[in-house]
Amino acid sequence: MSFKNKVVIVTGANSGIGAATALMFAKEGADVALVSRTQAKLAAVAKSIEALGRKPLTIQADLSKEADTAIVVPKTVEHFGKLDVLVNNAGISPAGSLTEGTVLQAYDEVMRTNVRAVIQLTSLAAPHLAKTKGYTSGAY
Ligand SMILES: NC(=O)c1ccc[n+]([C@@H]2O[C@H](COP(=O)([O-])OP(=O)(O)OC[C@H]3O[C@@H](n4cnc5c(N)ncnc54)[C@H](OP(=O)(O)O)[C@@H]3O)[C@@H](O)[C@H]2O)c1
């Protein structure tokens, strides 16, 4: 399936499923915005995409923070001019212990990253996806 001239945001794009997804979209011709916290790992994935002849945008953002999450869609649209696909892939699964008092901390971390950020990003992306008749997906 060709994604030529499509603009795709992939969160959690510097590792595992997200990196493979970003690479696949780029192989199919998309312009890709790569999002995660660790710039050095983002740069490595960007390099693999550049080897395919495409120029990705890297956005360093901690999606557990509302202010960081808020920059992702505007930066992408400012850079590429539109948005066609949002892949909400970033996520964590920390182990919390019921007996050691860490379960609520783990719950809050998961909710901030895996749920709240997905809702925030999807809400910010929705007007742009409506314009392009685009698509969004989540890992959950
Ligand atoms: N692999 C599985 O079997 C499996 C099963 C069920 C669900 N999932 C879900 O599928 C997704 C991808 O899985 P994976 O195995 O590829 O995971 P992974 O290799 O651990 O990658 C997670 C990605 O999310 C990013 N990330 C984590 N917290 C972030 C934050 N606060 N802000 C921005 N980026 C953040 C990480 O980058 P930084 O650390 O640099 O930010 C990384 O790029 C995850 O949501 C995972 O929970 C995976």
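The values are calculated or read from the model by the stated rules, or taken from the named source; none is laboratory data. Keep in mind the model is a prediction, meaning the values are calculated, not measured. Quick note on the areas: whole protein, heavy atoms, side chains included, nothing else; ligands and nucleic acids left out. Shrake-Rupley method; radii C 1.70, N 1.55, O 1.52, S 1.80 Å.
Numbers at a glance
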quantity	calculated
Segment 100-140: radius of gyration and largest Cα-Cα distance (Dmax), Å	14.1, 49
Placed amide H near L57: partners under 5 Å, 5+ positions off or other chain	V32, A33, L34
Percentage relative contact order, segment 7-138, counting C-alpha pairs under 8 Å, at least six apart	25
√(5λ) per eigenvalue of the Cα gyration tensor, segment 29-140, largest first, Å	28, 18, 11
Largest-first ordering by accessible area, 1.4 Å probe, given options S93, S36, S137	S93, S137, S36
Rounded percent of accessible protein surface that carbon and sulfur make up, the chain, 1.4 Å probe	57
Surface per residue (accessible, 1.4 Å probe) for the chain, Å²	56
Accessible-area ranking of D108, D62, D84, largest first, probe 1.4 Å	D108, D62, D84
Using θ = phi - 60° and Karplus 6.51 cos²θ - 1.76 cosθ + 1.60, couplings along segment 55-72 (whole Hz; Gly, Pro as x)	10, x, 9, 9, 10, 7, 8, 9, 6, 7, 10, 4, 5, 5, 4, 5, 7, 5
